[in-house]
1. Within the bounds of the stretch B:206-227, is there any residue that is at negative phi, loosely packed, with under 14 Cβ neighbours inside 10 Å, in contact with a helix residue (DSSP H, G or I) (Cβ under 8 Å, 6 or more places away or on another chain) and not in a strand (DSSP E or B)?
2. Just checking, which of A:Gly55, A:Gly43, A:Gly33 is in a loop (DSSP other than H, G, I, E, B) and in contact with a Phe, Trp or Tyr (Cβ under 8 Å, 6 or more places away or on another chain)?
3. Suppose the filter is part of a helix (DSSP H, G or I) and of a type outside the set (Val, Ile, Thr); does B:Ser169 pass it?
4. Quick one: is A:Leu28 within 16 Å of ligand 2 (Cβ to nearest atom), surrounded by 17 or more Cβ atoms within 10 Å (Cβ to Cβ) and either outside any helix (DSSP H, G or I) or at pLDDT 95 or above (or both)?
5. Kindly establish whether B:Thr380 is within 42 Å of the chain's Cα centre (by Cα), among the polar types (S, T, N, Q), modelled with pLDDT of 75 or more and surrounded by fewer than 21 Cβ atoms within 10 Å (Cβ to Cβ).
6. In this structure, does A:Val164 turn out to be surrounded by 14 or more Cβ atoms within 10 Å (Cβ to Cβ), within 14 Å of chain B (Cβ to nearest Cβ), more than 16 Å from ligand 2 (Cβ to nearest atom) and without any contact (Cβ under 8 Å) to a residue 60 or more places away in the chain?
7. Among the residues that make up the stretch B:34-46, is at least one of them at pLDDT 85 or above and over 11 Å from the mean Cα position of the chain (by Cα)?
8. Name the pairs whose Cβ atoms lie under 8 Å apart, with the first residue in the stretch B:76-93 and touching a residue at least 40 places away in the same chain (Cβ under 8 Å) and assigned by TED's automatic domain parsing to the domain that holds B:Pro204, the second part of a helix (DSSP H, G or I) and not hydrophobic (A, V, I, L, M, F, W, C), and 6 or more positions between them or separate chains?
Amino acid sequence: MSIVEVEEVSKIYHQGKMTFKALDDVSLAVDKGEFIALAGPSGSGKTTLLNLVGGLDLPDSGKVVLDGNDYSKMGDGQRADLRLERLGFVFQSYNLIPVLTAAENVEYILRLQNVEKAERIERVQSILDEVGLQEKHNSRPDELSGGQQQRVAVARAIVSNPAVVLADEPTANLDSKTGEKLLEMMRVMNEKRQVTFIFATHDKMVMDFARRIVSLHDGKVAGDQKKDE
Amino acid sequence: MDLVIAWRNLWRNPRRTLIILTAMVIGITSMVVLSALSRGMIDGMVDNAINNLVGHIRIQDPEYRVDPSIIRRITHPQQLLADITPLLPPGADIARRIKVDGMLGTSREHVGVIIVGIIPENETGISFIGRPVHQGRMINPDESGDLIIGQALLERIGARVGRKVVLVSQNQEWENVSRSFRIRGTYRTELAQTEKVYVFVLLPVLQEMLGVGEGVTEITVHLEQGKSGKDDGLAELVSALNTKIRDSGYIAENWRQMLPAISAYLEMYNGYMLIWFIVVFIAMGFGIVNTMLMAVYERMREFGLQRAIGMRSSRIVRMVMVEILLLLLFGSLVANGFSLFLIKIVFGSGIDLSLFAEGTEMWGMSRVIVPALSLWDLYTANGVVLVLGLLVGLYPAVRAGRFTPVEAMRHL
Ligand SMILES: Nc1ncnc2c1ncn2[C@@H]1O[C@H](COP(=O)(O)OP(=O)(O)OP(=O)(O)O)[C@@H](O)[C@H]1O
Ligand SMILES: [Mg+2]
């Protein structure tokens with residue numbers, strides 16, 4: 001069974017009297033452990049689709065099911081709980097709570113999950129070491145570089161053992177070298193922990209890393225290409 | 001964790017937090033300090049009234065209050081005293097007096113006065129006349145031809161200590177009786193008006209002049225309880241006294257019954273204070289809400305992020321409320337410290353109003369106001385700020401909880 005099922009989904013935005021169909025009858029199934037990129041030009045609906053998969057927004061028609069949970073049948077609070085337990089998020093920027101240190105940002109999500117203190121500390125330590133931030137545990141976000149901030153964001157997305165990590169342009173603000181390192185790191189996580197990664201991107205490098213590329217165009221799926229290894 | 005985040009968030013924009021804190025300090029301090037001052041003023045008013053020959057409890061003929069003449073007297077005070085003394089708490093002082101209307105005459109003019117016959121040693125600690133005299137000296141029990149008048153009256157009639165004046169009053173047959181006295185000394189009180197009204201002579205002298213034998217017009221009890229507000233048990237004591245002396249035909253009353261206007265004012269006072277606290281808060285509350293709204297909108301993206309990673313919106317509301325609570329607690333801590341500093345140290349020895357005494361006296365106020373910090377005022381002022389603060393804080397908090405992650409994340 002797929003971990004993410006998107007079935008005939010449409011999303012319409014209203015802006016004043018104007019309406020805009022950002023997604024038009026999109027269907028997509030993602031299996032556990034995939035490393036998949038949603039590609040397409042700006043405005044093609046990548047972020048919109050990612051938000052629907054994350055349960056941050058609801059479609060106007062069609063349905064989105066995450067790990068057997070149909071968002072349309074859930075309340076706002078239940079969707080929040082599901083995100084907490086099953087999803088990790090990495091955004092393009094401003095991923096971190098500015099008043100918390102790197103370690104506290106990562107620990108925060110474990111606190112929300114009511115994980116015991118001793119276990120929290122140990123998991124936070126090891127994940128921050130894993131993403132290469134041994135020295136920066138106690139730095140605030142504004143004391144970290146953009147790449148380091150994104151690493152903390154990845155650490156936070158991963159630390160809660162989610163089924164799926166949704167990453168919206170995670171490399172867009174990074175130079176290519178830093179971006180490549182971040183992607184390599186996520187690839188390792190994907191392989192080691194069998195976490196599913198879904199990217200929204202127009203970064204060529206991300207597509208090179210991805211094992212499957214779904215192309216969107218004007219809110220429709222224009223191509224779905226699996227790379228065989 | 002919520003507390004840590006809230007605390008750090010408060011100091012993210014220290015200038016803004018300091019502005020709210022300043023508003024709170026000004027608001028709470030004005031509530032606490034001004035209420036302590038006006039309490040002090042009222043305490044002074046009550047003390048003045050009680051020391052102004054009223055006492056805490058007074059026993060007299062029930063008709064005397066309407067018709068204060070020598071006919072309405074207690075003919076055998078010794079019997080009454082024997083009855084009531086065992087009922088009084090330790091430390092209570094008792095004085096017997098005659099108080100009648102009369103005229104004080106000099107060679108040039110006559111002035112209406114109230115002639116009070118006292119036993120000087122009984123008045124110590126009871127009324128202002130028990131305090132040291134201002135000029136001259138107190139009358140001795142054997143100086144039957146002497147009297148004490150107020151300093152203001154002395155100046156008014158242009159006399160000096162040692163001069164003679166004539167006192168005229170009416171005896172129980174409505175005949176004028178008069179006698180000449182030598183001014184032995186003058187007294188001062190908080191109120192110049194009092195000084196112009198009361199003249200004091202020895203009780204036996206007045207009794208003889210009016211031909212009333214042992215009779216007095218009042219027995220005054222002064223309790224050792226000091227401040228006005230704390231008169232627990234006073235009503236019970238008075239009713240016990242009344243039960244005891246029921247058959248005598250006289251009645252005992254407490255000062256609240258004798259001074260109904262002051263008493264009513266005191267009763268409404270807490271209500272006034274509460275209203276005033278709320279008014280001050282409204283001014284302050286707008287500042288708090290506005291600033292918190294600004295803070296919340298600035299952090300819209302953060303709230304969106306927190307929602308995205310799985311925080312329920314109720315939790316966001318709670319976080320903002322914790323922040324507001326922290327701000328309120330911190331603000332009231334600072335404000336109370338500052339208020340206590342003002343009350344105890346800056347105004348501790350009282351504010352001297354004697355420069356304006358002419359204006360304040362008509363209200364029965366003291367020349368010096370010593371602030372009286374009441375716990376009720378302190379708790380109520382802080383309670384109003386905390387409760388209403390949290391209440392108005394709900395608005396920005398709920399706003400923060402309503403940001404949807406998608407709209408918040410698009411907002412940069
Ligand atoms: N909240 C919204 N209200 C109105 N229109 C919106 C809203 N969000 C997105 N859109 C519109 O929907 C379309 C798809 O937007 P979306 O953000 O999904 O594109 P995208 O593929 O992520 O683009 P980009 O690569 O620039 O991030 C765009 O034309 C956008 O203007
Ligand atoms: Mg996008």
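1. yes
2. Matching residue, one of A:Gly55, A:Gly43, A:Gly33: A:Gly55.
3. No.
4. Here the answer is no, as A:Leu28 does not meet what is asked.
5. When the stated conditions are applied, B:Thr380 passes them.
6. When the stated conditions are applied, A:Val164 does not pass them.
7. Within the stretch B:34-46, one or more residues are at pLDDT 85 or above and over 11 Å from the mean Cα position of the chain (by Cα).
8. Matching pairs, first to second residue: B:Gln79/B:Ser248; B:Leu80/B:Ser248; B:Asp83/B:Lys244; B:Asp83/B:Ser248; B:Ile84/B:Lys244; B:Leu87/B:Lys244; B:Asp93/B:Asn122.
The values are calculated or read from the model by the stated rules, or taken from the named source; none is laboratory data. Here the structure is a predicted model, which is why all the values come from computation and not from measurement. Neighbour counts run over all protein chains shown; Cβ positions are idealised from the backbone, glycine included.
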